[in-house]
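In what follows, a single structure is set out as structure tokens and then discussed.
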Amino acid sequence: MPLIIYAIFDSINYIDSFSSYVDAISLKSKIKLEIISTSTLSAIVSRTTDEKKQACQNDVMIYATIIGDIAAKYSILPMRYGSIVSSPFDVTELLKNHNETFVTIIKKITDKEEYSLRILYSHQDKEKNNIEDLFDLPQNVPDILHGNTDSKKYLLNKYIKHLSEEKRLQYIDKIQSIVACNLQKITDLIVYNKQTTTGFIVDAVFMIERSKKSELLDLVIQMQTLFSEHNVVLSGPWPPYNFSNINIG
């Protein structure tokens, strides 16, 4: 019978309290969870009847909730939804064949939590008619762009938008530098996501030691004061998905 793998963890941490906690998650989720171990690693799994089961939103939510509940208390290497193997033997083979890689990443994430920090333009900013209204642009423009013809107006508009984009990127770089400087006080495990919309100023995920949570909250409060004209949003803690990517072939 195929098995769904939820997470992998260090077998040294396999203690009665952990097993009891997993049992409690089983009751809560109504999914029978099991632990399969080698001498160094263990995997949290459940059995399924379909190796090629189509994903539905409810299943994904249950899967993510199980991982989130366990990660909230223990250091685990979360697996992506759809991590399915054919048998318990395949689970142990997976753990053995990739033992070194798994152990290295588990050491990296042990006693740490992942968070997301986003800084976005406020609702008031979004109500501006033009993005160039957000930035101070030079009043003087090149003489070649002066005139009332359609082509001159078109070129002038392009010029203004180009300057606006440059100003916007410079502004974003400035804020990102300030954020990076502050985050680096508590962690060097930071990933900046590519901005998909002009509404984002900063979109970062990072991992900190669990013991530094209060420092993080103080830091975010400082940034909310420093960037009071924007929306500063902290979310988490999350399982360390962004810091446990594995290519196992």
(message) Quick check on segment 3-109: take the gyration tensor over C-alpha atoms, sort the square-rooted eigenvalues as a ≥ b ≥ c, and tell me if it's rounded (a/c under 1.5), prolate or oblate.
(response) oblate
(request) Using a cut-off of 15 Å between beta-carbons, work out the net charge of the residues near K213 (Lys and Arg +1, Asp and Glu -1, K213 not included). (result) -1
(message) Greater than 24 Å separation of Cα atoms is the criterion. Which listed pairs, K32/K108; K73/K107; K185/K213; K28/K108; K107/K213; K32/K73, meet it?
(response) K32/K108; K28/K108
(request) Starting from the Cα of Q170, step 7 Å along the direction of its Cβ; do the same at E100; then give the gap between the two resulting points in nm. (result) 5.0 nm
(request) Mind scanning K30/K212; K167/K194; K153/K194; K96/K212 and naming the pairs with a C-alpha gap bigger than 26 Å? (result) K30/K212; K153/K194; K96/K212
(request) Could you calculate the FRET efficiency of N231 with M1 from 1/(1 + (r/R0)^6), where r is the beta carbon distance between them and R0 is 45 Å, rounded to 0.05? (result) 0.40
(request) Measure off 7 Å from each Cα along the Cα-to-Cβ vector at K213 and N157, then give the distance between these two points in nanometres to one decimal. (result) 5.2 nm
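Any read-out appearing in this document is the output of simple, stated calculations on the displayed coordinates, not a laboratory observation. Here the structure is a predicted model, which is why all the values come from computation and not from measurement. When we count neighbours, we look across all protein chains shown, and the Cβ atoms used for this are built from the backbone with ideal geometry, even at glycine.
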